[in-house]
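Trainee: I'd like to ask you about the structure that follows.
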């Protein structure tokens, strides 16, 4: 029995003594130099046995603090009040030793960063066995056997051998599985998962979510799933608790939440998701910023940003109230017609007139980059990392070409090659007819004006010591030698075009929010009037609503200034929303390239199909949809498989795929694809079959 | 693992060649003319000086001299002292164990005091113990070892009379006396080292305790003592070990002063007198032996590092994500 | 790292100051001022320097004259606040004049070492490649010499004097400075803003001058402050062995050398010089610690 049907009235009627987890009136205060800071305020919810509750919010909302409070892992100096009961037993106020015994045994936690969550100096098997031996009286051999059994259960192939591996020998996905194995070693009642899949590639995320689903069913485990991603929530949670600025603003069963949210913030979050947007239209944005911890607001904390706010919202703190089985902190919930995920809007997606002209601004032919790996006694080259292995690409003037791939795909390296920030091993890059690789230093410098880049992490792409004014004016000073009032005028002009005003001029990066920093980076990139802008994962470190703002800014700038974008990202949802054409990369090669609509609606390559299928759909009723979950991990570009590189994970692999590289093939929709399924006479065809994207299939 | 060691050993040979060559060069540049001094000083007849110079091969060019020296050294012959004609290798042979036992004992003291202090201050960060420990280590780092030696001698030898102020007894003759004579130098050198080690270990451990994998261990209910002693320490040991390796170099050098103060017949005093008298072969021999010792110690440290930190062993690891 | 406000979960446990340091020297000074111990240490050093410069004004007696009929190895009295040494000279005056030698040496050593190490480290770290490899091998060779022995050898080669001893010690410091600077430059070189600068078409000189140098300055400054302490220890050590400042010019180290012969009979003259060395080194170290705290732990990787 899934929780979806059973828990529509769950919030009100659960008896707390029967609940796996009962949180009531939980408040957390942190001790800082400025005094006590309230980060969690009066949070309460329950989790029934076997139920999965999602704790959702953006960064800074207090969801992680809440989960740490449940586990008793808050930092020293934190004050906790309220009640947290695990199967009826009060956890707050327990002696540290008693709490320690429960951790790993009755309740356990997995965290976000799989790469650093395992101790690098011990084998994986040792670390798991250690948890077993801490909570159960077994000898070393039994513990080891259990560790291997667990590794097998979480889907790690060759578990016995893997148990003797060190963490750095495993990929991110496998490490996260190992961490799960540790957490589940003693079959806890409650698993607290804090953004466990956020740092993973989307296909790996799909695998882990699948694993979680099967594990919780098998163990009858309750899960507290903390995340910012509503898509993931729709995939896996039975009920949802939405937090904002340390408080619960809505608490509902999953389907009602998505169908009919009862709080403006929830509605805004749903609308800001890229999956929800119709292609080509602006993404819905939440204006303003999350209030800082010290800010005391009379009345509703969301009111400064709320489109439905009225005077009475701003006077007194709002209490939670129940409406139709949902708990909400909005006094206008009944009056206001809040809309859920806009489904169906995509079925008739208006074909946006092609912004692109036919002229190719950037022409890439046979581009390849190999990195030598040295090892052995004499440091000889032992292997090659084939980061980019022979790609052909055109970026047409005025268009947005989305370059999509997961880790190891070579998309970031491609971006750098196009900009000639690194030199290719072979191949050519032509920009507006000019051979970029043949230029001397002086001419390259001049060309650089027209080719600009925005990086992933706005915090590190700006020199932390440099003010906004200096950062944006630097290219103008260095290239055009602008000075004085002319310089200042131009800088202010650039800042306003990205939506920032003069007040940020004297600030340094650490005084700005993530979204503001990215805008400064964009302003700097625009300073020299570029023609091409390479966007290298510009949104990955931003919140959902900030992402939406930046996306809108980028599309707006493109239409105003006639820019061309090469948009590199692993987030297919975002790429789909803003690209005209999409190129999908896997292990250094482009496997599919075509119009965005064609690629997304009728994918021609199995990998594209899997990628699309892996995107969490923000609609709980879509859970039953057919998914394509890939086997195994992404192969490393160090040891590229023979023949078609994808054959090791491909659900449709033929014999020929193992031996021969597939030639390019153009589908009727105009997509170029490299796959034997299209060209080999005996294979089944993918082309023409619609992919399982629920948003279209309604 | 084997590749790591092989690689290090391979680097050893050219390194040693460089070092010895640099020493020869250095020695050549020393002003003063030992030939003249041996021949009798400023009033010695030129012919005699030239004869001595020729006898001692001091009139050859740099490369022939180095070549000859190298050929001899490989066979164990480090030349003869210019002043007393005794074979350098013999003297070094008898003095080296003394200096080494001095350095080793001091290193032992450093570890015995520094490690517990470092761990205690890291684990109880911010407490009174931590502040006290930090003050103590600040003092230890700032203390000039020659002054500390003097103070310790004043207290233990002069006032209390429990330990001898100077001199050295061979271990074979009387282990007790051997130890009694070395206690003060051991502690003098060791305390400074302990202070630095405590600081470094604390810093490394504090960093490690904030890492995600420690959080994972705690989240899974591993006992705190085990978290610190096993999980954290193994990771903190590696950087601390590197520092300890560097410390050993300072210890080896610090023996010079200790041997002067405590009249211990080790290599330190040997090289000091040689330096004042420009006794080139002695200087060359001692520097080479000490450098070799240091390089080998570094090798041991590197191997230990590899044992502690598996990532280092596998040079082609981690293009996995 | 992206923050939308201090509600962020990790904000409570960052560096000593709760906020990353922006690089502004005035901000640095303000943070440093808040640390009382470090400020006291700074005051002490300033005092020592002032006394050293205006030594004749402060010293009650001439440090070198041997008064006739004076008491030898005397304990402190009103006429000789710190007593007299084995030749009857006033210890206080000798210490005051000794400050000149020691302070000169200390700043000379660190200044020389930095002057050599900074360009080497910058080039090695920024341009990497073959230049870096060669330079690092040379540094490795220098590193294999235990420091005191190298200093001994060089000092004796040049002849014993303050300047020569300083040069010798500076030589010993160069490899570790180079390593530090190189390491910092390498780290900064990998930062995204350097890559962004290159993509903006800025020249290498521009990038080094405006982005690399300011961002490596802080750890270097801290290391320099701490090195002042080590430099003093090294200079005093060499003087103690007779290879630094030559008698009768007083230096704290050679004062200990002189009086050492009387350790069994007249211990008092051994106390003041050692004590003042200890206090001064301690002060330098505390300043270094204060700077390090002011900059925030997160900007520090492997420092000595």
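The values are calculated or read from the model by the stated rules, or taken from the named source; none is laboratory data. Keep in mind that this is a model prediction, so the values were computed, not measured. Every residue, glycine among them, receives a Cβ derived from its backbone with ideal geometry; neighbour counts consider all protein chains shown.
Trainee: Can you name the number of the only condition in (1) under 29 Å from residue A:70 (Cα atoms); (2) without any contact (Cβ under 8 Å) to a residue 24 or more places away in the chain; (3) away from chain B (no Cβ under 13 Å) that residue A:153 fails?
Mentor: Against the list (1) under 29 Å from residue A:70 (Cα atoms); (2) without any contact (Cβ under 8 Å) to a residue 24 or more places away in the chain; (3) away from chain B (no Cβ under 13 Å), residue A:153 comes up short only on (2).
Trainee: Working only within region B:5-41, note down all residues that are at pLDDT 70 or above, in contact with a helix residue (DSSP H, G or I) (Cβ under 9 Å, 6 or more places away or on another chain) and over 19 Å from residue B:282 (Cα atoms).
Mentor: Once the filter is applied, which keeps residues that are at pLDDT 70 or above, in contact with a helix residue (DSSP H, G or I) (Cβ under 9 Å, 6 or more places away or on another chain) and over 19 Å from residue B:282 (Cα atoms), region B:5-41 yields B:5, B:8, B:9, B:11, B:12, B:14, B:15.
So that you can scan it fast, the table gives a plain yes or no per residue for (1) without any contact (Cβ under 8 Å) to a residue 40 or more places away in the chain; (2) not in a loop (DSSP other than H, G, I, E, B):
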residue	(1), (2)
C:42	no, yes
C:48	no, yes
C:62	yes, no
C:67	yes, no
C:75	no, no
C:81	yes, no
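Trainee: Being without any contact (Cβ under 8 Å) to a residue 24 or more places away in the chain and under 28 Å from residue B:207 (Cβ atoms) is the filter here, so list the residues in region A:156-177 that pass it.
Mentor: Correct list: A:169 only.
Trainee: Follow-up question, since we're still on this one. Just checking: which of the helices (runs of 4 or more DSSP H) contained wholly in region A:437-476 hold 2 or more residues that are within 8 Å of chain C (Cβ to nearest Cβ) and crowded, with 20+ Cβ neighbours inside 10 Å? Explain how you work it out, then say what you get.
Mentor: Working: elements: A:441-448, A:458-461, A:468-475.
Here the list reads A:458-461, A:468-475.
Trainee: If you go through region B:204-235, how many residues are more than 8 Å from chain A (Cβ to nearest Cβ) and either touching a strand residue (DSSP E or B) at 6+ places or on another chain (Cβ under 7 Å) or in contact (Cβ under 8 Å) with a residue 24 or more places away in the chain (or both)?
Mentor: So the count comes out to 9.
Matching residues to (1) at negative phi; (2) in contact with a strand residue (DSSP E or B) (Cβ under 9 Å, 6 or more places away or on another chain); (3) more than 10 Å from every other protein chain (Cβ to nearest Cβ):
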| position | (1), (2), (3) |
| --- | --- |
| C:187 | yes, no, yes |
| C:192 | yes, no, no |
| C:195 | yes, yes, no |
| C:210 | yes, no, no |
| C:216 | yes, no, yes |
| C:224 | yes, no, yes |
| C:230 | yes, no, no |
| C:236 | yes, no, no |
| C:246 | yes, no, yes |
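Trainee: Can you name the helices (runs of 4 or more DSSP H) wholly within region B:67-172 that have at least 3 residues being free of Cβ contacts under 8 Å to residues at least 24 places away in the same chain? Steps first, answer last, please.
Mentor: Working: elements: B:88-123, B:128-142, B:145-152.
Here the list reads B:88-123, B:128-142.
Trainee: Quick one: count up the residues across region B:270-287 that are in contact (Cβ under 8 Å) with a residue 24 or more places away in the chain, in a helix (DSSP H, G or I) and either crowded, with 20+ Cβ neighbours inside 10 Å or more than 10 Å from every other protein chain (Cβ to nearest Cβ) (or both).
Mentor: Residues of region B:270-287 in contact (Cβ under 8 Å) with a residue 24 or more places away in the chain: B:270, B:274, B:277-287.
Remaining after also requiring in a helix (DSSP H, G or I): B:270, B:274, B:277, B:280-287.
Imposing the further condition that a residue be either crowded, with 20+ Cβ neighbours inside 10 Å or more than 10 Å from every other protein chain (Cβ to nearest Cβ) (or both) reduces the set to B:270, B:274, B:280-287.
Qualifying residue count, region B:270-287: 10.
Trainee: Right, something else. Tell me, which residue of region C:261-303 that is at pLDDT below 85 and facing chain B (nearest Cβ under 8 Å) is surrounded by the fewest Cβ atoms within 10 Å (Cβ to Cβ)?
Mentor: Ranking the candidates gives C:264 first.
Trainee: Restricting region A:313-328 to residues that are surrounded by 13 or more Cβ atoms within 10 Å (Cβ to Cβ) and free of Cβ contacts under 8 Å to residues at least 24 places away in the same chain, which is farthest from residue A:242 (Cα to Cα)?
Mentor: A:314
Trainee: All but one of (1) under 30 Å from residue C:189 (Cα atoms); (2) more than 11 Å from every other protein chain (Cβ to nearest Cβ); (3) surrounded by fewer than 24 Cβ atoms within 10 Å (Cβ to Cβ) hold for residue C:170; state the number of the condition that does not hold.
Mentor: (3)
Trainee: Continuing with the same structure: Name the residue that is farthest from the other protein chains (Cβ to nearest Cβ), counting only residues in region A:103-132 that are surrounded by fewer than 20 Cβ atoms within 10 Å (Cβ to Cβ) and either free of Cβ contacts under 8 Å to residues at least 24 places away in the same chain or assigned to a helix (DSSP H, G or I) (or both).
Mentor: Among residues in region A:103-132 that are surrounded by fewer than 20 Cβ atoms within 10 Å (Cβ to Cβ) and either free of Cβ contacts under 8 Å to residues at least 24 places away in the same chain or assigned to a helix (DSSP H, G or I) (or both), the one farthest from the other protein chains (Cβ to nearest Cβ) is A:126.
Trainee: I'm checking my understanding of the structure. Among residues of region A:505-544 that are surrounded by fewer than 19 Cβ atoms within 10 Å (Cβ to Cβ) and outside any loop (DSSP other than H, G, I, E, B), which one is nearest to the chain's Cα centre (by Cα)?
Mentor: Here the answer is A:510.
Trainee: Scan region C:121-136 and give yes if some residue there is at pLDDT 80 or above, within 20 Å of the chain's Cα centre (by Cα) and crowded, with 21+ Cβ neighbours inside 10 Å, otherwise no. Before you say what the answer is, go through the steps one by one.
Mentor: Filtering region C:121-136 down to residues at pLDDT 80 or above leaves C:121-127, C:130-136.
From what's left, within 20 Å of the chain's Cα centre (by Cα): C:121.
Next cut, crowded, with 21+ Cβ neighbours inside 10 Å only: C:121.
Taking every residue of region C:121-136 in turn, at least one turns out to be at pLDDT 80 or above, within 20 Å of the chain's Cα centre (by Cα) and crowded, with 21+ Cβ neighbours inside 10 Å.
Trainee: Quick one: residue A:100 ticks every box in (1) touching a strand residue (DSSP E or B) at 6+ places or on another chain (Cβ under 7 Å); (2) not in a loop (DSSP other than H, G, I, E, B) bar one, so which box is it?
Mentor: Here residue A:100 clears every test but (1).
Trainee: In this structure, is residue A:201 surrounded by fewer than 24 Cβ atoms within 10 Å (Cβ to Cβ), closer than 28 Å to residue A:610 by Cα, over 16 Å from the mean Cα position of the chain (by Cα) and at pLDDT below 90? Write out each step before concluding.
Mentor: Working: surrounded by fewer than 24 Cβ atoms within 10 Å (Cβ to Cβ): yes; closer than 28 Å to residue A:610 by Cα: yes; over 16 Å from the mean Cα position of the chain (by Cα): no; at pLDDT below 90: yes.
It is false that residue A:201 is surrounded by fewer than 24 Cβ atoms within 10 Å (Cβ to Cβ), closer than 28 Å to residue A:610 by Cα, over 16 Å from the mean Cα position of the chain (by Cα) and at pLDDT below 90.
Trainee: Against the conditions (1) more than 9 Å from chain C (Cβ to nearest Cβ); (2) in contact with a helix residue (DSSP H, G or I) (Cβ under 7 Å, 6 or more places away or on another chain), where does residue A:528 fall short? Just the number, please.
Mentor: (1)
Trainee: Return yes or no: is residue A:137 surrounded by fewer than 20 Cβ atoms within 10 Å (Cβ to Cβ), more than 9 Å from chain B (Cβ to nearest Cβ) and in a loop (DSSP other than H, G, I, E, B)?
Mentor: Working: surrounded by fewer than 20 Cβ atoms within 10 Å (Cβ to Cβ): yes; more than 9 Å from chain B (Cβ to nearest Cβ): yes; in a loop (DSSP other than H, G, I, E, B): yes.
Yes; evaluated as a whole, the condition is true for this residue.
Trainee: Could you please find all residues in region A:617-661 being assigned to a helix (DSSP H, G or I) and more than 30 Å from residue A:272 (Cα to Cα)?
Mentor: Going through region A:617-661, the residues assigned to a helix (DSSP H, G or I) turn out to be A:620-624, A:645-648, A:655-659.
Selection gives A:645, A:646, A:647, A:648, A:655, A:656, A:657, A:658, A:659.
Trainee: Considering only region B:245-254, I want to know if a residue exists there that is at positive phi, more than 9 Å from chain C (Cβ to nearest Cβ) and out of contact with any strand residue (DSSP E or B) (no Cβ under 8 Å at 6 or more places or on another chain).
Mentor: no
Trainee: Considering each of A:269, A:257 in turn, give the residue that is over 18 Å from the mean Cα position of the chain (by Cα) and in a helix (DSSP H, G or I). Quick ask: steps written out before the conclusion?
Mentor: Details: A:269 fails: over 18 Å from the mean Cα position of the chain (by Cα).
That would be A:257, the only listed residue that is over 18 Å from the mean Cα position of the chain (by Cα) and in a helix (DSSP H, G or I).
Trainee: Is it the case that some residue within region C:243-259 is within 18 Å of the chain's Cα centre (by Cα), within 30 Å of residue C:185 (Cα to Cα), assigned to a helix (DSSP H, G or I) and modelled with pLDDT of 80 or more?
Mentor: There is no residue in region C:243-259 that is within 18 Å of the chain's Cα centre (by Cα), within 30 Å of residue C:185 (Cα to Cα), assigned to a helix (DSSP H, G or I) and modelled with pLDDT of 80 or more.
Trainee: Could you check how many residues of region A:64-92 are at the interface with chain C (Cβ under 9 Å from one of its Cβ atoms), under 29 Å from the mean Cα position of the chain (by Cα) and surrounded by 18 or more Cβ atoms within 10 Å (Cβ to Cβ)?
Mentor: Of the residues in that region, 3 qualify.
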